[in-house]
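Let me begin by presenting the structure, written as structure tokens, before commenting on it.
The values are calculated or read from the model by the stated rules, or taken from the named source; none is laboratory data. Just so it is clear, the structure is predicted and the values come from calculations on it, not from any experiment. Cβ: placed from backbone, ideal geometry, glycine included. Neighbour counts: every protein chain shown. Side chains are part of the model used for accessible areas, which takes the heavy atoms of the whole protein and leaves out ligands, DNA and RNA. Shrake-Rupley method; radii C 1.70, N 1.55, O 1.52, S 1.80 Å.
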Amino acid sequence: MASPVRVDLDGNPIRPITICMIGAGGFIGSHLCEKLMAETPHKVLAVDVYSDKIKHLLEGPASLPWTDRIHFHRLNIKNDSRLEGLIKMSDLTINLAAICTPADYNTRPLDTIYSNFIDALPVVKYCSENNKRLIHFSTCEVYGKTIGSFLPTDHPMRQDPAYFILKEDASPCIFGPIEKQRWSYACAKQLIERLVYAEGAENGLEFTIVRPFNWIGPRMDFIPGIDGPSEGVPRVLACFSNNLLRHEPLKLVDGGQSQRTFVYIKDAIEAVLLMIENPARANGHIFNVGNPNNEVTVRQLAEMMTEVYSKVSGEPPLEVPTVDVSSKEFYGEGYDDSDKRIPDMTIINRQLGWNPKTSLWDLLESTLTYQHRTYAEAIKQVTSKPLASS
Ligand SMILES: NC(=O)c1ccc[n+]([C@@H]2O[C@H](COP(=O)([O-])OP(=O)(O)OC[C@H]3O[C@@H](n4cnc5c(N)ncnc54)[C@H](O)[C@@H]3O)[C@@H](O)[C@H]2O)c1
Ligand SMILES: O=c1ccn([C@@H]2O[C@H](COP(=O)(O)OP(=O)(O)O[C@H]3OC[C@@H](O)[C@H](O)[C@H]3O)[C@@H](O)[C@H]2O)c(=O)[nH]1
């Protein structure tokens, strides 16, 4: 029996397209490729310098159903003449490529600025010149700090949503001083957003900008010393997972008072698929994609991850599960932080009817189950090996 015709939100049939996905080998890219292969007829030109996280889609018996629909192109967009041809062969380009781990922003500011602004310039140019649609991945970090964060700590106005809800078409972008080089990333992302928006306004580029609000799940970043450099500092999910796997206290930067809202990667990917398959509703828009119901302080995240990991692993938590560290000690000079990130959901609800579903506890349970299953044995090997004799 022929599979039912897939229709978009307005009831129009969805025709198969070719997607040039830059950064397809990363955390978000790997989940997006899985979704596109499993649930749609679309083709993917997967562009990245690495393919480890999508190897299961590219080779082996499990990849047979879509061997002719996903092709990996190992190239660095900084300097590869093949890029324009791949964009011209596609109907849509999705740009995920970036240095996006905060430990790099104040320690590798030039690489961070080049990666998030300069390297994206040819992608935007090729899309605009060839009348190709672009979905560009920005970040919730472009909002920087909330207006409320400048009020005295106990000021009643801090409770007024106007002082902390982040809205795409209303909220300002507020960063720290230049010497706080943490903001090199967010500022580069802001400028590329403004360039994309200007290409739309002046040259008719069909664009969508995505502002992810802390998407987390399996395959995010790496576990230092196992599938990434021992001295590497990934984002908080991988940092805390690494501490839990190694039975170490979780490090709370500046006491873990910053707040975040976390959304499950599988919920977020649903939103991206709606953008891909509803161009009339997505073109020209900037979208917050997050879960306002999943807000915690970093300290509360550490406590919840400790409780969930104990359940998943069957191991009791440490007597002292967390330890405070200064940002200077953990990240070095020039660190600064976003105090609070709650996405306004009006525009994405109106345009795409999307809402996240998964609670923080549930997404941590499935993610830490993956982490424990994937890494616990390898960590045991590494930690049980006697230190090489000096
Ligand atoms: N995960 C989140 O919560 C989150 C939040 C906000 C913004 N974002 C944005 O979403 C995008 C994807 O993030 P992610 O979490 O998947 O990160 P990631 O680091 O897992 O993926 C980025 C991928 O881009 C590739 N890449 C980087 N530079 C490249 C280059 N010059 N040429 C070719 N490939 C290159 C990397 O190899 C990597 O596979 C980024 O633009 C990031 O800023 C992510
Ligand atoms: O071990 C750790 C790691 C991180 N943290 C804290 O946890 C919070 C979250 O840190 P992350 O490294 O996950 O990154 P942030 O949420 O600050 O920024 C991220 O947001 C979304 C994207 O733009 C990027 O992927 C990244 O900039 C920060 O306050 C950080 O200081 C700890 O307290 N301990």
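I'm told R219 meets every condition in (1) basic (K, R); (2) assigned to a helix (DSSP H, G or I); (3) within 16 Å of ligand 1 (Cβ to nearest atom) except one. Can you identify the failing condition by its number?
Answer for R219: the failing condition is (2).
If I filter region 145-164 for residues that are more than 25 Å from V49 (Cβ to Cβ) and within 20 Å of the chain's Cα centre (by Cα), do I get at least one hit?
Looking through region 145-164, at least one residue is more than 25 Å from V49 (Cβ to Cβ) and within 20 Å of the chain's Cα centre (by Cα).
For region 147-165, check the following and say yes or no: at least one residue is within 30 Å of S81 (Cβ to Cβ), at pLDDT 95 or above and in contact with a Phe, Trp or Tyr (Cβ under 7 Å, 6 or more places away or on another chain).
No.
From the residues in region 198-238 that are open to solvent by 50 Å² or more (accessible area, probe 1.4 Å), touching a strand residue (DSSP E or B) at 6+ places or on another chain (Cβ under 8 Å) and free of Cβ contacts under 8 Å to residues at least 24 places away in the same chain, which one is farthest from I54 (Cα to Cα)?
E231
Condition first: within 29 Å of T153 (Cβ to Cβ) and in a loop (DSSP other than H, G, I, E, B). Now tell me which residues in region 228-238 satisfy that.
Passing the criteria: V233, R235.
Among (1) under 19 Å from the mean Cα position of the chain (by Cα); (2) near ligand 2 (Cβ under 9 Å from one of its atoms); (3) under 22 Å from R108 (Cβ atoms), which single condition is D254 missing?
Failed condition: (1).
Counting only residues that are away from ligand 1 (no atom under 16 Å from the Cβ), of a type in the set (D, E) and either without any contact (Cβ under 8 Å) to a residue 40 or more places away in the chain or within 22 Å of P218 (Cβ to Cβ) (or both), how many does region 252-310 have?
Counting residues in region 252-310 that are away from ligand 1 (no atom under 16 Å from the Cβ), of a type in the set (D, E) and either without any contact (Cβ under 8 Å) to a residue 40 or more places away in the chain or within 22 Å of P218 (Cβ to Cβ) (or both) gives 2.
Of F287, F330, which residue is in contact with a Leu (Cβ under 9 Å, 6 or more places away or on another chain) and modelled with pLDDT of 95 or more?
Only one candidate qualifies: F287.
If you go through region 29-37 one residue at a time, do you hit one that is modelled with pLDDT of 95 or more, of a type in the set (K, R) and either open to solvent by less than 10 Å² (accessible area, probe 1.4 Å) or not in a strand (DSSP E or B) (or both)?
Yes, region 29-37 contains at least one residue that is modelled with pLDDT of 95 or more, of a type in the set (K, R) and either open to solvent by less than 10 Å² (accessible area, probe 1.4 Å) or not in a strand (DSSP E or B) (or both).
Only one of A62, A103 is more than 10 Å from ligand 1 (Cβ to nearest atom), at negative phi and modelled with pLDDT under 95; which?
Of A62, A103, the one residue that is more than 10 Å from ligand 1 (Cβ to nearest atom), at negative phi and modelled with pLDDT under 95 is A62.
Which residues, taken from region 48-73, are free of Cβ contacts under 8 Å to residues at least 40 places away in the same chain and in contact with a Phe, Trp or Tyr (Cβ under 8 Å, 6 or more places away or on another chain)?
Scanning region 48-73 gives S51, I54, L57, L58.
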